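Colleague: Got a structure here, written out as structure tokens. Questions coming.
What follows draws every value from the coordinates through simple rules; no lab data is involved. It should be emphasised that the depicted structure is a prediction, and the values quoted were computed from it without experimental measurement. Positions of Cβ are generated from backbone atoms using ideal geometry, with glycine treated the same way; all protein chains shown enter the neighbour counts.
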Amino acid sequence: MKEDWTLVIKPEKRLLDLDLKGIWRYRDLWYMYVKRDFVTFYKQTILGPLWFFIQPILTTIMYMFVFGGLAGISTDGAPQPLFYLSGIMLWNYFSDCFNGASGTFTANAGIFGKVYFPRLVVPLAALTSNLLKLLIQLILFILVYLYFVFTGTPLSLNATALLFPLLVLLTALHALSWGLIVSSFTSKYRDLKFLVSFGLQLFMYATPIIYPLSAASEKFRWALELNPLTPIFEAVKYGCLGCGSLSWGGLLYSTLFMTVTLFLSLILFNRVERNFMDTV
């Protein structure tokens with residue numbers, strides 16, 4: 001007769017043991033986390049899911065007034081609403097995924113201390129739930145895009161736009177790798193999260209969201225090009241609006257940067273996972 005054991009002794013996990021089978025076995029929990037993150041965003045609000053549209057609209061209006069109006073920053077000839085929306089929706093996805101992954105240990109310490117499941121389920125669920133928000137904001141971008149098309153505004157949609165799913169995946173993996181690194185350190189050093197939240201705000205201005213890379217000063221452009229998100233945002237704007245630039249070398253650099261940081265983050269995450277309950 002087959003016996004069901006209540007305790008299974010396994011060898012110590014290796015540094016790169018991702019336990020993909022375990023993640024698939026707990027896919028119901030993954031779905032539950034996705035549903036929780038998505039529903040709690042608008043729970044007990046009057047407008048509900050409309051906030052997924054309202055937030056980028058208000059941000060775009062503010063950018064048009066401050067950066068496009070007062071500061072007079074160029075958008076490379078692209079309509080300001082489309083230029084800012086294309087950057088806002090992608091940046092919101094990156095920052096939300098980063099914040100979700102960076103709080104893996106501290107925000108879920110109560111659950112982790114009571115029941116075991118693959119810890120990677122939590123940050124992966126954050127990537128998935130935020131992807132749903134991105135898709136909703138993408139609908140808003142398409143509607144605004146169609147408005148300018150029907151009003152006769154010349155827009156240069158090109159084949160580079162087909163890379164959008166891959167660019168979103170690359171953005172998600174950047175956010176995941178950086179978030180896992182921060183989460184591993186903040187499990188022991190809590191004050192680091194305050195520095196990271198401030199640094200994330202500064203990092204937004206080092207990414208071509210409110211300005212094209214061509215508008216940056218030659219003196220500081222090299223620093224912006226070191227940002228691995230720069231070629232991603234530029235490629236999105238180039239594919240959808242015809243402004244910006246498409247740099248295959250920059251995308252290769254961004255991919256290699258992501259690969260290295262993701263490799264290091266998984267090693268660090270698995271190492272901290274073994275004894276994080278002693279420090280959280």
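Colleague: Under the rule of -39500 (n - 2.57) per DSSP H run of 4 or more residues, summed and divided by the residues of the chain, what mean residue ellipticity at 222 nm is obtained, to the nearest 500 deg cm²/dmol?
Modeller: Values: 12 runs with 175 residues, N = 280.
The helix contribution divided over the chain gives -20500 deg cm²/dmol.
Colleague: Here is a follow-up. Among Gly69, Gly100, Gly87, which one shows the highest mean-square fluctuation when the chain is modelled as a Gaussian network with alpha-carbon springs under 10 Å?
Modeller: Gly69
Colleague: Related question: Which longest uninterrupted range of the chain lacks any trypsin sites (Lys or Arg not before Pro) assigned by DSSP to a loop state (not H, G, I, E or B) and surrounded by at most 16 other Cβ atoms within 10 Å? Walk me through the numbers before you get to the answer.
Modeller: Values: sites that count: Lys2, Lys13, Arg14, Lys43, Lys114, Lys188, Arg190, Lys219, Arg274.
Formally, the longest exposed-site-free interval is 115-187.
Colleague: Could you calculate the FRET efficiency of Lys35 with Ile142 from 1/(1 + (r/R0)^6), where r is the beta carbon distance between them and R0 is 35 Å, rounded to 0.05? Don't jump to the answer; show the numbers that get you there.
Modeller: Numbers: r = 25 Å, r/R0 = 0.72.
Given R0 = 35 Å and the Cβ-Cβ separation, E is 0.90.
Colleague: Which is the longest part of the chain that has none of the GluC sites (Glu not before Pro) sitting in a DSSP loop with at most 15 other Cβ atoms within 10 Å?
Modeller: On the way: sites that count: Glu3, Glu12, Glu218.
Counting only loop sites that pass the neighbour cut-off, the longest clear stretch is 13-217.
Colleague: Here's a follow-up. Please list, short to long, the whole-number percent of alpha-carbon pairs of the chain in consecutive 5 angstrom bins beginning at zero.
Modeller: For the chain, the binned pair fractions read 1, 5, 11, 15, 17, 15, 13, 10, 6, 4, 2, 1, 1, 0, 0, 0 percent.
Colleague: Then there's this: Are there DSSP H segments in the chain that both extend 15 Å or more along their axis (alpha-carbon positions) and score a mean Kyte-Doolittle hydropathy of at least 0.0? List them, or say none. Walk me through the intermediate numbers first.
Modeller: On the way: long enough: 27-40 (20 Å, -0.51); 51-63 (18 Å, 1.24); 80-102 (32 Å, 0.36); 121-150 (44 Å, 2.12); 164-186 (32 Å, 1.69); 192-205 (21 Å, 1.41); 230-241 (16 Å, 0.68); 248-273 (36 Å, 1.22).
Helix filter hits for the chain: 51-63, 80-102, 121-150, 164-186, 192-205, 230-241, 248-273.
Colleague: Rank the residues Val182, Val115 as a footprinting-exposure proxy: fewest other Cβ atoms within 10 Å of their Cβ go first.
Modeller: On the way: Val182 25, Val115 7.
Neighbour counts put them in this order, fewest first: Val115, Val182.
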